[in-house]
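Inspection log for the structure reproduced underneath, given as structure tokens.
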Amino acid sequence: MNNLEDLEQKIEEMRIYMYSLYHHDPLDDELIEASQTLDRLLNELSASNRTFNCE
């Protein structure tokens, strides 16, 4: 896998983890942390796509 595929895989794993936290307990503090991690990963993906498209 390349870095972009790794990042996409991490995003998918974090998305699934976040949904499982939400379904277990929507008030779980870990849900906020997971959401912030997912946001960071999505921002990385967005930046990677912008860099890729500019090349």
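The table for this structure:
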| read-out | value |
| --- | --- |
| Filter pass, Asp39 being on the phi < 0 side of the Ramachandran plot, of a type in the set (Asp, Glu) and surrounded by fewer than 10 Cβ atoms within 10 Å (Cβ to Cβ) | no |
| Qualifying residue in the range 11-33 (condition: touching an Asp or Glu at 6+ places or on another chain (Cβ under 6 Å) and without any contact (Cβ under 8 Å) to a residue 40 or more places away in the chain) | yes |
| Unique residue being closer than 20 Å to Leu4 by Cα and at pLDDT below 95 when the list is Asn43, Asn53 | Asn53 |
| Residue in the range 9-21 that is surrounded by fewer than 12 Cβ atoms within 10 Å (Cβ to Cβ), part of a helix (DSSP H, G or I) and of a type in the set (Lys, Arg) present | no |
| Within the range 22-33, considering residues that are of a type in the set (A, V, I, L, M) and under 19 Å from Asn43 (Cβ atoms), the one surrounded by the most Cβ atoms within 10 Å (Cβ to Cβ) | Leu31 |
| Selection count, the range 1-17, where residues are hydroxyl-bearing (Ser, Thr, Tyr) and over 10 Å from Leu38 (Cβ atoms) | 0 |
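The values are calculated or read from the model by the stated rules, or taken from the named source; none is laboratory data. Nothing here was measured: the structure is a model prediction, and the numbers come from that model. Counting neighbours? That spans all protein chains shown, and the Cβs are built from the backbone with ideal geometry, glycine included.
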